[in-house]
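Note sheet for the following structure.
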Amino acid sequence: MAQPPLKQLTTICTSKPAPLTTFLFIIIICLLGFYTLHFSTSSLSATSSPRNSLRFQQLFLSSASNYTVASYLRSLTLHPHLAGTEPSSETARYVESHFRDLGLETHSIQFDALLSYPKYASLSARLSNGSVVNIPSSENIQGV
């Protein structure tokens with residue numbers, strides 16, 4: 001009894017692609033290569049030029065001392081500044097004014113963000129004997 005000849009199995013890897021598919025694949029690879037090589041060097045902004053980079057580095061190093069860094073840090077951490085509050089806006093204006101004083105171009109943008117803060121905060125300690133001690137908090141959450 002003669003067996004029918006076995007069909008040769010073909011898969012994506014073993015089948016020969018159509019000439020149009022090969023042509024399109026080569027065109028896509030060439031276009032991607034062209035855009036990658038062409039736009040990687042031509043899209044540099046004015047702030048990323050070597051001259052500006054050196055200027056910013058010298059500006060940063062000349063304005064940084066232990067005293068100035070300590071005073072900036074002290075000013076920025078003196079008061080809490082939760083996002084979306086007036087102290088947060090004051091902190092942003094402080095940083096913006098210092099950048100402007102250093103000769104940097106600055107701008108700020110107003111936007112609305114969804115920020116969830118609690119209406120009431122409390123702190124209590126539950127002791128091992130079962131008693132609860134309420135600890136008063138000096139944080140002000142109103143107006144947030």
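Structural remarks
- Separation of the residue 133 and residue 117 label points, Cα + 7 Å toward Cβ, nm: 2.9
- Positive-end residue of 98, 60, 87, charge dipole of the stretch 55-102 with Cβ unit charges: 60
- Where labels lie 7 Å past Cα in the beta-carbon direction, separation of residue 65 and residue 107 in nm: 3.5
- Cα shape, the stretch 55-102, gyration tensor, a/c 1.5 rule: oblate
- Rounded, prolate or oblate (a/c below 1.5 giving rounded, otherwise prolate when a/b exceeds b/c) for the stretch 20-136 by Cα gyration tensor: oblate
- In terms of other Cβ atoms within 10 Å, 38, 107 run from fewest to most in the order 107, 38.
No value in this document is a laboratory result; all are computed from the given coordinates. Note that this is a predicted model, so its numbers are computed, not measured. As a convention, Cβ positions derive from the backbone with ideal geometry for all residues, glycine included, and neighbour counts pool all protein chains shown.
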